[in-house]
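One structure below.
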Amino acid sequence: MILKKGLSEMIKIKLQVHGHLYWYAGKKYVLEVETEPQDMETILEQAGIPTGEVSFVAIDNKKLGLEHIPNDGDVIDVYPVVGGG
């Protein structure tokens with residue numbers, strides 16, 4: 001999936017989605033994304049995953065904010081908001 005193509009250098013990342021985010025990701029648990037370097041919030045929105053449904057993202061089990069800009073080759077876990085009672 002190519003999210004945006006412009007003049008800057010593109011990066012390739014993998015989004016590993018968890019829980020119900022699977023439905024927003026086209027019923028896939030892993031999305032391979034080619035994009036310009038930009039924050040995770042923008043990448044997720046462009047991939048069709050609403051950030052209001054995202055609790056946090058992580059790389060190598062390190063929790064990161066949606067303002068994080070990934071590097072080429074990163075594998076990013078995307079965790080949903082959990083609710084219930």
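Odds and ends about this structure:
Table: residues versus (1) within 13 Å of I76 (Cβ to Cβ); (2) in contact (Cβ under 8 Å) with a residue 12 or more places away in the chain; (3) of a type in the set (D, E, K, R); (4) part of a helix (DSSP H, G or I).
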residue: K12; (1), (2), (3), (4): yes, yes, yes, no
residue: L15; (1), (2), (3), (4): yes, yes, no, no
residue: G19; (1), (2), (3), (4): no, yes, no, no
residue: Y22; (1), (2), (3), (4): no, no, no, yes
residue: K27; (1), (2), (3), (4): no, no, yes, no
residue: L31; (1), (2), (3), (4): yes, yes, no, no
residue: E34; (1), (2), (3), (4): no, yes, yes, no
residue: I43; (1), (2), (3), (4): yes, yes, no, yes
residue: I49; (1), (2), (3), (4): yes, yes, no, no
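- Residues of segment 31-85 satisfying the condition of being among the hydrophobic types (A, V, I, L, M, F, W, C), more than 16 Å from I11 (Cα to Cα) and surrounded by 12 or more Cβ atoms within 10 Å (Cβ to Cβ): I49, V54, F56, V57, A58, L64, L66, V78, V81
- Residue in segment 9-17 that is modelled with pLDDT under 95 and of a type in the set (D, E, K, R) present: yes
The values are calculated or read from the model by the stated rules, or taken from the named source; none is laboratory data. Remember, it's a predicted structure, so these values are computed and weren't measured experimentally. Glycine also receives a Cβ, built like all others from the backbone with ideal geometry; neighbour counts cover every protein chain displayed.
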